[in-house]
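The values are calculated or read from the model by the stated rules, or taken from the named source; none is laboratory data. Given the structure is predicted, the values throughout are model-derived calculations rather than measurements. Backbone-built Cβ (ideal geometry, glycine too); neighbour counts: all protein chains shown. Each accessible area value is taken on the protein alone, full model and side chains, heavy atoms only, with ligands, DNA and RNA left out. Shrake-Rupley method; radii C 1.70, N 1.55, O 1.52, S 1.80 Å.
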Amino acid sequence: MRVTLLGTGDTTGTPTVGCDCDTCEAARERGVSRSRFSVHVANERTGESLLVDFSPDFRQQFLAADVPLPDAGLVTHIHFDHLDGLGNVYRLVDGLPVHAPNETDPATDESVAETIRGKYDYLEDRIGVHAREPMTPFETCGFEVRFVPVDHPPLVCYGVVIEDPETGAKLSLTGDTSYDVPEPSREALADADLLLADAIVPASLCEHHPIGGRHEGPDGVPRTFGTKHMTREGALALADELDPDRTRLVHLAHFYPADEAFEEPLAVDGEVYEL
């Protein structure tokens, strides 16, 4: 399993358009990027590849990383920075299976799969949307895959577990989530070779959120920024519990102070891992 981090940023990315903050300037000086979230997972046994989330930066990500177009895709939730790149597959692929959860979202009265079908009806001759039951494994690209429920209000959202049944390699992604990941999902995400964990900002910035932080640890440090995303400290606490071989923090905002923004284990675009 070859994992390429195509996009490691939040909804605006780093550098952010029109921003001259110290962190965005440091990213420009270093020549690094955190574009909107997406992960490419290649099965080197079968020669197939799987894309987790369709970033609006799809075109530039694939050109920069020089990875093959996917043979299948996964969509974790319907926020634009994870879905709106799907339109890029027009004239690039033919018959792309797109897997998405089938659970009806009370906020939208439809599932992620149904939203994709409706929003991208013009791609019906290019993609096939496959509705999947959360926590139930299915096969694609030679991998065993599960969507696992997480906590990203007000929408339903899912992490992902991808395993190679032949080699035993395991990739876990928390998806966009607060620290309040349900216990069954924690069990599914545990013991991965690589964990990609949402960590939008350091906990010190919770004081700037209108509702502050939540899910404080024993040290009083918030593990959730507002309601939707983990802090760096929350993601690291979750990683301590899940015990992966390696952790990379993703979905990172440009609000990280410049002297912290590129420290380990914060990821940048283009990182590659062999599992």
(message) Condition first: part of a loop (DSSP other than H, G, I, E, B) and in contact with an Asp or Glu (Cβ under 7 Å, 6 or more places away or on another chain). Can you find one or more residues in the range 227-234 that meet it?
(response) yes
(message) Taking the conditions exactly as written (surrounded by fewer than 17 Cβ atoms within 10 Å (Cβ to Cβ) and among the aliphatic types (A, V, I, L, M)), does VAL17 satisfy them or not?
(response) yes
(request) Considering only the range 143-162, state which residues are closer than 18 Å to ALA192 by Cβ, open to solvent by 10 Å² or more (accessible area, probe 1.4 Å) and over 15 Å from the mean Cα position of the chain (by Cα). (result) GLU144
(message) Looking only at the range 74-99, count every residue that is touching a residue at least 40 places away in the same chain (Cβ under 8 Å) and surrounded by 14 or more Cβ atoms within 10 Å (Cβ to Cβ) and tell me the total.
(response) 12
(request) Please work out which one of (1) touching a strand residue (DSSP E or B) at 6+ places or on another chain (Cβ under 9 Å); (2) in contact (Cβ under 8 Å) with a residue 24 or more places away in the chain is the condition THR167 fails and give its number. (result) (1)
(request) Give the range 113-136 a look and list any residue that's modelled with pLDDT of 95 or more, out of contact with any His (no Cβ under 6 Å at 6 or more places or on another chain), within 20 Å of GLY95 (Cβ to Cβ) and open to solvent by less than 70 Å² (accessible area, probe 1.4 Å), or say none. (result) ALA113, ILE116, GLY118, TYR120, LEU123, ILE127, GLY128, VAL129, ALA131
(request) Could you check how many residues of the range 41-60 are over 22 Å from HIS152 (Cβ atoms) and outside any loop (DSSP other than H, G, I, E, B)? (result) 6
(message) Give all pairs with beta carbons closer than 6 Å in which a residue from the range 133-159 that is on the phi > 0 side of the Ramachandran plot and touching a residue at least 60 places away in the same chain (Cβ under 8 Å) meets a residue that is open to solvent by less than 10 Å² (accessible area, probe 1.4 Å) and part of a strand (DSSP E or B); count only pairs at least 6 apart in sequence or on separate chains.
(response) CYS141/ASN43; CYS141/LEU50; CYS141/ALA72; GLY142/ASN43
(message) Looking at LEU194, LEU189, can you tell me which residue is surrounded by fewer than 23 Cβ atoms within 10 Å (Cβ to Cβ) and closer than 19 Å to THR8 by Cβ?
(response) LEU194
(request) Report, ordered by the first and then the second residue, all pairs with beta carbons closer than 8 Å, sequence separation of six or more or different chains, a first member in the range 192-217 that is without any contact (Cβ under 8 Å) to a residue 40 or more places away in the chain, and a second member that is open to solvent by less than 10 Å² (accessible area, probe 1.4 Å) and among the β-branched types (Val, Ile, Thr). (result) ALA203/THR231; CYS206/THR231; GLY213/THR224; GLY213/THR231; ARG214/THR224; HIS215/THR224
(request) Could you tell me which of the residues CYS19, CYS24 is outside any helix (DSSP H, G or I) and in contact (Cβ under 8 Å) with a residue 60 or more places away in the chain? (result) CYS19
(message) Let me confirm something: among SER111, SER172, which residue is closer than 30 Å to PHE255 by Cα and of a type in the set (S, T, N, Q)?
(response) SER172
(request) Could you please find all residues in the range 23-57 being open to solvent by less than 10 Å² (accessible area, probe 1.4 Å) and either among the hydrophobic types (A, V, I, L, M, F, W, C) or more than 17 Å from the chain's Cα centre (by Cα) (or both)? (result) THR23, CYS24, ALA27, VAL39, VAL41, ASN43, LEU50, LEU51, VAL52, PHE54
(message) Based on this model, can you work out whether PRO165 counts as within 23 Å of THR227 (Cα to Cα) and over 19 Å from the mean Cα position of the chain (by Cα)?
(response) no
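Out of the residues in the range 226-239 that are within 9 Å of ALA199 (Cβ to Cβ) and open to solvent by 20 Å² or more (accessible area, probe 1.4 Å), state the one that is farthest from the chain's Cα centre (by Cα).
Residue satisfying both the conditions and the ranking: GLU233.
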